[in-house]
Amino acid sequence: MKKCLLIFAAIICSVCTWGQITYDFIINNYPYIDVEEDEVLFPSEPMWYTGNIQKLADLLNKNLFSFYDLNDDYPTNLQKNEYKKSKEYLKQDLPSFNEVYQSTKAHKFYILYNLRYNTPYDTAKKRFAFRIGVNDYMKTNIAGYIGLGNNLCISCPTNRLSVKKTSTGYGDYFLSQFLYTTTIPESTALRIEKEMENPDCSICLMFIVKPYRVSKEARVINYGGYVGRQKALNDYVLAKTVGLYIVDTNKEEIICDLSKMFSQTTSKRK
């Protein structure tokens, strides 16, 4: 009993620093989505494993055959229906898939977005307007979302977001999405701003999100070369943002907590 109490106390200490969650706790206990590397850590028993963002879309779409790469083995609906009667499907694939699905829906994920060479602090408004750039075809058309790349989109209050659209000259557009923070003290902002000028910048936005559904949207994408511009039906993974921190990944610490931005959706932008 004493040993259990000590373990419980250690967990509480690792979670709370003056009543707030710690960087170490998030990194060590939350699965992640790495947009730049196109990698997702799926929470599953007995061992978590990695896949890509399209696999996350397949999971949220409840598409077992795509998630487990079974479409080549069972290319027709008739063959799929026959496989669904098999012991391997009923006893292995389906229970495993359902477990990963339920676990993924229940977990919070973290996403790191590096702020290297980002926009400077606004001394008049005491805030940052962080720029997040992405090609327009990588962002959902649904309002109130930030596109992070690879068709992953996270929710954001519209009063904290503005978007500038710039032509690439090839019939496509690049989106500069500006995320407006709440007030940040100048002393804290100075540390952030100085580090953003570093080519080895360790300051990141850490989004805490819960993926919840997929939006299928038709787009025209320029593939270049002989293929050129083609119509495509894209899967956009939509995730609800439930927390946001500015963190220093080298020092492994949270610099400031901006999570209240996502619980005060009706407040006016300051």
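Observations on the model:
- Any hit, segment 248-268, residues being farther than 29 Å from Tyr30 by Cβ and either modelled with pLDDT under 95 or open to solvent by 70 Å² or more (accessible area, probe 1.4 Å) (or both): yes
- Residue within segment 47-69 that is touching a residue at least 60 places away in the same chain (Cβ under 8 Å) and open to solvent by 80 Å² or more (accessible area, probe 1.4 Å) present: yes
- Verdict on Ile132 being within 17 Å of the chain's Cα centre (by Cα) and open to solvent by 50 Å² or more (accessible area, probe 1.4 Å): no
- Counted residues, segment 48-88 - those being of a type in the set (S, T, N, Q) and within 22 Å of the chain's Cα centre (by Cα): 6
- Residues in segment 205-231 that are surrounded by fewer than 19 Cβ atoms within 10 Å (Cβ to Cβ) and in contact (Cβ under 8 Å) with a residue 40 or more places away in the chain: Lys210, Tyr212, Arg213, Ser215, Glu217, Arg219, Val220, Ile221, Asn222, Arg229.
- Residue pairs meeting the criteria (Cβ under 8 Å; at least 6 apart or on separate chains; first free of Cβ contacts under 8 Å to residues at least 60 places away in the same chain, in segment 123-141; second among the basic types (Lys, Arg)): Asp136/Lys165
- Considering segment 63-93, the residues that are of a type outside the set (Phe, Trp, Tyr) and touching a helix residue (DSSP H, G or I) at 6+ places or on another chain (Cβ under 7 Å) include one that is farthest from Gly51 (Cα to Cα), namely Lys80.
- Criterion violated by Glu36 - all others in (1) farther than 13 Å from Ser96 by Cβ; (2) surrounded by 16 or more Cβ atoms within 10 Å (Cβ to Cβ) satisfied: (2)
- Residue in segment 232-240 that is in contact with a strand residue (DSSP E or B) (Cβ under 9 Å, 6 or more places away or on another chain), in contact (Cβ under 8 Å) with a residue 60 or more places away in the chain, outside any loop (DSSP other than H, G, I, E, B) and open to solvent by 50 Å² or more (accessible area, probe 1.4 Å) present: yes
- Once segment 163-184 is narrowed to residues that are closer than 16 Å to Phe130 by Cα and not hydrophobic (A, V, I, L, M, F, W, C), the residue that is surrounded by the most Cβ atoms within 10 Å (Cβ to Cβ) is Thr181.
- Residues of segment 190-204 that turn out to be closer than 20 Å to Tyr180 by Cβ and open to solvent by 60 Å² or more (accessible area, probe 1.4 Å), as a count: 2
- Candidate set: segment 19-40, residues that are at pLDDT 95 or above and β-branched (Val, Ile, Thr); chosen: the one nearest to Phe67 (Cα to Cα): Val40
The values are calculated or read from the model by the stated rules, or taken from the named source; none is laboratory data. Small disclaimer: the values here were computed from a predicted structure and weren't measured. Every residue, glycine among them, receives a Cβ derived from its backbone with ideal geometry; neighbour counts consider all protein chains shown. Accessible surface areas use protein heavy atoms only, side chains included; no ligands, DNA or RNA. Shrake-Rupley method; radii C 1.70, N 1.55, O 1.52, S 1.80 Å.
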